[in-house]
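The values are calculated or read from the model by the stated rules, or taken from the named source; none is laboratory data. Fair warning: this is a prediction, and the values are worked out from it, not measured in the lab. Cβ placement follows ideal geometry from the backbone for every residue including glycine, while neighbour counts extend to all protein chains displayed.
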Amino acid sequence: MADRDPAPDPLAGLRAMAEVQRAGLEAAATVVERMLELGRLGTRGPFPFPLPADPTAGSNGERRSEDDPGRDMRRLRGDAERMLELWGEWMRLLLDAAADSAEVALGPPSRGAADRLSLGPAKPGGSVSGRTWLHVLDGPPTAPARLTATALTAADGSTIDPGAIAFEPAVLGTFDLRSSQEIVVTVDLPEGIAPGPYHGHILATGLPELSLPVRIEVSA
Amino acid sequence: MTPLEVAPVEAELERYGALTGEALRAYLPEGEPRRYLWDLVADYPARGGKALRPALCLASTVAFGGETCEGLPSAVALELLHNAFLVHDDIEDASLLRRGHPTLHLEHGVPLAINAGDALVVLAGAALRDNRRLLGSRLATGVADEFELMARRTIEGQARELGWRRDGVRDLTADDYLDLIMHKTCWYTTIHPLRVGALIGSLGRADLDALVRFGFYLGAAFQIQDDVLNLVGDQSKYGKESCGDLYEGKRTLMVIHLLSETRGDDRRTVERFIALERPERTAEQIAAMIALMREYGSLEFAREFGLGIAAAAEDAFELAFADVPDSPERRLLHALIGWMLERDS
């Protein structure tokens with residue numbers, strides 16, 4: 001009777017996969033630990049280049065200041081100038097921080113900021129949309145705010161009614177300090193309005209300083 | 001803690017991408033010369049992308065206790081620098097497609113494309129400078145140091161890969177591949193964004209070494225999946241030139257595996273292919289290489305190798321984020337481990 005082949009090991013494939021996964025894990029761990037060690041060894045000193053040798057140094061490395069009696073004084077003056085520079089830089093940073101704090105303190109309690117929004121060109125009877133961001137730069141969190149708009153007015157007095165302007169979302173959630181919200185503005189242009197640029201503003205209840213200029217170009 | 005599935009991860013990436021894209025546009029000059037410079041500079045950022053880097057940076061900023069807006073200039077700088085690298089890489093690799101469209105140098109010529117890449121680097125510097133006003137000198141200097149380190153690592157990795165290709169280097173191991181992608185890809189794709197976000201969010205208190213480990217495992221899983229998708233992915237979703245890595249002679253994990261496993265005629269076929277210049281490589285040769293990869297299990301090897309690294313990423317995440325409270329941002333960063341291996345674009 002011929003010898004039968006041994007029964008295939010049903011787990012052999014799984015073992016092979018696990019072996020490759022283990023190899024991946026171990027190789028990756030080796031590479032990352034080597035990189036971390038390299039980072040520790042590569043920490044730079046205060047200067048990345050060797051400072052030039054002191055031309056007044058003697059053969060034993062001691063400076064021969066007696067050859068140039070004014071040198072110590074010049075070095076001392078240089079050190080003092082550098083210290084003053086650092087002190088000045090420190091004071092400037094302090095003043096910058098104080099100025100920033102004062103600006104925040106003196107600003108409106110809930111000041112909103114936003115970009116300018118330009119839409120169009122679009123034809124009368126059409127519709128046009130655009131996205132923009134509203135940012136609250138400072139002030140306390142506010143209650144949910146509803147977006148509104150003024151009428152959009154052209155130079156000849158033609159207007160687009162605020163009812164033609166829609167927002168998504170129409171109501172902003174609670175606005176935290178230094179947060180931002182993207183909005184989509186859609187304007188349905190009435191039939192028969194005169195071509196040209198129309199201007200107006202987007203406002204929000206609860207954010208009295210928020211005023212986003214809007215410009216829409218109506219084409220012929 | 002509820003894990004995020006792939007679709008919500010992609011929605012979050014899109015959200016961070018939109019936020020960063022909006023801020024990035026503010027750094028793009030509007031003056032002249034538009035036709036020869038600024039239109040080119042705006043091109044790659046406008047093509048979109050996965051926005052993985054800004055998402056990691058911003059989510060890490062918030063997870064470690066900061067505000068989204070505090071990480072925004074760094075996220076913008078990272079995107080600008082990423083796009084600068086892409087423009088120059090596409091020239092170095094003679095790539096044809098980027099995000100589904102012809103590469104910048106094919107559309108405008110090599111000299112103008114190189115100059116546009118340089119401009120993107122300069123604009124990244126402008127975004128970084130804004131950190132000083134936003135974060136203060138100490139933290140801004142820390143972030144700038146991180147950018148210098150990241151750029152250095154990336155350039156070192158790119159030099160190594162270009163050198164291997166120029167010299168026809170073949171005796172490479174999986175360890176060499178991981179060392180390459182640590183420098184070339186992982187540092188700027190995952191490690192750096194996570195570290196910068198943690199630095200900003202924690203006001204400099206986070207353990208940045210722990211993020212090197214997590215970032216590397218995450219980035220390696222990303223890169224291996226990217227290499228596999230380049231060969232067998234759906235090009236309509238993937239966006240880059242199908243099999244571009246093979247045409248360019250890149251030493252991917254699959255190529256290294258094939259070089260180590262083949263013998264006789266198959267080995268000689270692979271070696272001859274590796275020795276060719278890009279214009280000499282044909283579609284038939286590419287198909288033969290992929291057939292060999294299937295026969296020798298190189299694709300499966302890469303996938304399993306990536307799974308092992310993803311397992312390491314799970315452990316590294318728990319260590320790196322041990323002191324970080326639960327939040328949607330922390331959950332997103334964790335969910336990215338699975339997403340890296342499951343994504344198809």
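Structure notes:
- Leading residue by the ranking (modelled with the lowest pLDDT) among those in the range B:85-101 that are surrounded by fewer than 17 Cβ atoms within 10 Å (Cβ to Cβ) and among the charged types (D, E, K, R): B:Arg99
- From the options B:Ala26, B:Ala75, residue that is within 14 Å of another protein chain (Cβ to nearest Cβ) and either over 21 Å from B:Ala124 (Cα atoms) or buried (at least 20 other Cβ atoms within 10 Å of the Cβ) (or both): B:Ala75
- Residue among B:Arg205, B:Arg170, B:Arg165, B:Arg160 that alone is part of a helix (DSSP H, G or I), modelled with pLDDT under 90, more than 9 Å from every other protein chain (Cβ to nearest Cβ) and surrounded by fewer than 24 Cβ atoms within 10 Å (Cβ to Cβ): B:Arg165
- Matching option when the condition is closer than 15 Å to B:Leu56 by Cβ and at pLDDT 90 or above, among B:Leu149, B:Leu211, B:Leu180: B:Leu211
- For A:Asp79, the requirement of being over 23 Å from B:Leu72 (Cα atoms), at pLDDT below 70 and in contact with a Ser or Thr (Cβ under 7 Å, 6 or more places away or on another chain) is not met.
- Only one entry in B:Leu123, B:Leu106 is surrounded by fewer than 18 Cβ atoms within 10 Å (Cβ to Cβ), hydrophobic (A, V, I, L, M, F, W, C) and at pLDDT 95 or above, namely B:Leu106.
- Residues satisfying the stated conditions in the range B:79-103, i.e. part of a helix (DSSP H, G or I), closer than 21 Å to B:Gly249 by Cα and out of contact with any Gly (no Cβ under 6 Å at 6 or more places or on another chain): B:Phe85, B:Leu86, B:Asp89, B:Asp90, B:Ile91, B:Glu92
- Applying the criterion of being surrounded by fewer than 15 Cβ atoms within 10 Å (Cβ to Cβ) and either in contact with a Phe, Trp or Tyr (Cβ under 8 Å, 6 or more places away or on another chain) or part of a helix (DSSP H, G or I) (or both) to the residues of the range A:163-185, the residue that is modelled with the lowest pLDDT is A:Glu182.
- Residue check for B:Ser60: polar (S, T, N, Q) and over 18 Å from B:Ala124 (Cβ atoms): yes
- Criterion (at pLDDT 80 or above, more than 25 Å from A:Glu209 (Cβ to Cβ) and out of contact with any strand residue (DSSP E or B) (no Cβ under 6 Å at 6 or more places or on another chain)) met by exactly one of A:Gly157, A:Gly120: A:Gly157
- Within the range B:254-271, the residues that satisfy the criterion of being over 26 Å from the mean Cα position of the chain (by Cα) and closer than 19 Å to B:Asp171 by Cβ are B:Ser260, B:Glu261, B:Thr262, B:Arg263, B:Gly264, B:Asp266, B:Arg267, B:Arg268, B:Thr269, B:Val270, B:Glu271.
- Any hit, the range B:233-243, residues being hydrophobic (A, V, I, L, M, F, W, C) and assigned to a helix (DSSP H, G or I): no
- In the range B:272-298, the residues that are within 28 Å of the chain's Cα centre (by Cα), within 19 Å of B:Asp171 (Cα to Cα) and in a helix (DSSP H, G or I): B:Phe273, B:Ile274, B:Ala275, B:Met289, B:Leu292, B:Met293, B:Ser298
- In the range B:174-185 there is no residue matching the filter, namely being crowded, with 18+ Cβ neighbours inside 10 Å, away from every other protein chain (no Cβ under 14 Å) and aromatic (Phe, Trp, Tyr).
- Pairs, first among the hydroxyl-bearing types (Ser, Thr, Tyr) in the range B:284-300, second in a helix (DSSP H, G or I), C-beta under 6 Å, six or more apart: B:Tyr296/B:Leu258; B:Tyr296/B:Glu261; B:Ser298/B:Met254; B:Ser298/B:His257; B:Ser298/B:Leu258
- Unique match (being more than 20 Å from the chain's Cα centre (by Cα), touching a residue at least 24 places away in the same chain (Cβ under 8 Å) and under 18 Å from B:Glu22 (Cβ atoms)) among B:Asp130, B:Asp43: B:Asp130
- Pair list, Cβ under 6 Å, 6 or more apart: the range A:14-38 residue assigned to a helix (DSSP H, G or I), other residue surrounded by 13 or more Cβ atoms within 10 Å (Cβ to Cβ) and among the basic types (Lys, Arg): A:Val32/B:Arg213
- Residue in the range A:203-220 that is surrounded by the most Cβ atoms within 10 Å (Cβ to Cβ), counting only those that are touching a Ser or Thr at 6+ places or on another chain (Cβ under 6 Å) and in a strand (DSSP E or B): A:Leu203
- Residue match in the range B:229-246 (condition: touching a residue at least 24 places away in the same chain (Cβ under 8 Å), crowded, with 20+ Cβ neighbours inside 10 Å and under 27 Å from A:Met35 (Cα atoms)): no
- Among the residues of the range B:311-327, those identified as in contact (Cβ under 8 Å) with a residue 24 or more places away in the chain and either in contact with a helix residue (DSSP H, G or I) (Cβ under 9 Å, 6 or more places away or on another chain) or surrounded by 14 or more Cβ atoms within 10 Å (Cβ to Cβ) (or both) are B:Ala312, B:Ala313, B:Ala316, B:Phe317, B:Leu319, B:Ala320, B:Phe321, B:Val324, B:Ser327.
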